[in-house]
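In what follows, a structure is listed as structure tokens, so that the remarks can point back to it.
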Amino acid sequence: MLLFYITDRTQFLGGENARQRALLAKIAEATRCGVELIQLREKDLCTRELEALTRAAMRVVRENLPTRTEKREPGTRLLINSRSDVAIACGADGVHLPSDDISPAEVREIWAKAGYSAGALVSVSCHTADEVARAFSAGADYAVFAPVFEKKSAPQTIPAGLDGLREACRQKIPVFALGGITFLNAGACIAAGATGIAAIRLFQENDITEVVRRLRG
């Protein structure tokens, strides 16, 4: 089971400086615990602020990566929400695209012109199996399918359920399940075909060591 932590510093207590410190500490914890993907999703920040936070997050990831072995692939990868330009400027590992953003193919064209890493990743938010199929055709590495279950923060949104997730996972691309994921239903998502689970609160409101142990145990 792969794990995808999506950040939201506004959930932490205190002023902006305290929230950023808490976020960076959580990113460090996720990295040490072997969470494969972290999406820096701080959409309210201006470009200068986002670049500063991205550079700090990249530094934290590098400093906390577990020691590599011959059998271990490089660990945590940091993706920037939507901002391909910030990913390039800061040397992040890739970008996560909202469903209504430019296509993965367009992102890779921009990166190629900028001489950006050929190994950079692109994940895409998807809400239907058709969107997952389009993400694959456009060259995305991962699809993040949501919402699978009802979200407390958006009870008016109709969840796709496990049947919707199962259909999405029939496409030829790894799919992460997102939306209302808990310790109790994560296993059902994997049984439905998901490559892994993505979440905000599950990681931010719990000790990540315990999250990883319970999900992978």
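Multiply the residue gap between T182 and R21 by 0.36 nm, knock off their C-alpha separation, and tell me the result in nm, one decimal place.
That works out to 55.4 nm of additional length.
Helix-only arithmetic for the chain: the sum of -39500 (n - 2.57) across DSSP H runs with n ≥ 4, divided by the residue total, places the mean residue ellipticity at 222 nm at -12000 deg cm²/dmol. Straight-line reach from K26: taking Cα to Cα under 20 Å and skipping same-chain neighbours fewer than 8 places apart, the lysines in range are K43.
A dipole drawn for region 36-142 from +1 and -1 charges on Cβ atoms has a positive end, and of A129, S99, T54 the residue lying farthest that way is T54.
Only helices at least 18 Å long along their own axis, judged from Cα atoms, and with Kyte-Doolittle mean hydropathy of -1.0 or greater: name those in the chain from DSSP H.
Helices meeting the criterion: 16-32, 47-64.
Highest mean packing comes first when the peptides 192-201, 105-114 are listed by Cβ atoms within 10 Å, giving 192-201, 105-114.
Compute the whole-percent fraction of alpha carbon pairs in the chain spaced more than 29 Å apart.
Result: 22 percent of Cα pairs exceed 29 Å.
Straight-line cross-link reach from K113 at under 14 Å between alpha-carbon atoms covers these aspartates and glutamates, not counting any fewer than eight positions away in the same chain: D85.
In region 108-184, the inverse of the mean reciprocal separation of distinct Cα atoms equals 13.4 Å; this is its Kirkwood hydrodynamic radius.
In whole percents, the pair-distance distribution calculated for region 5-133 from its alpha-carbon pairs, binned every 5 Å from zero, is 2, 10, 20, 21, 21, 14, 9, 3, 0. Computed extension length for E109-D163: 16.0 nm, one decimal, from 0.36 nm per residue of separation with the Cα-Cα distance subtracted.
With a Förster radius of 22 Å applied to the C-beta separation of T67 and S117, the computed FRET efficiency comes to 0.45. Of the accessible area of the chain, computed with a 1.4 Å probe over protein heavy atoms only, carbon and sulfur atoms account for 50 percent. The dipole here belongs to region 51-192: it is taken about the Cα centre, uses +1 on the Cβ of Lys and Arg and -1 on the Cβ of Asp and Glu, and is about 440 debye.
The values are calculated or read from the model by the stated rules, or taken from the named source; none is laboratory data. Computed from a predicted structure; not experimentally measured. Note that each Cβ is placed from the backbone with ideal geometry, even for glycine, and that neighbours are counted across all protein chains shown. The protein model used for the area step is the full one, side chains on, heavy atoms only, and it has no ligands, DNA or RNA in it. Shrake-Rupley method; radii C 1.70, N 1.55, O 1.52, S 1.80 Å.
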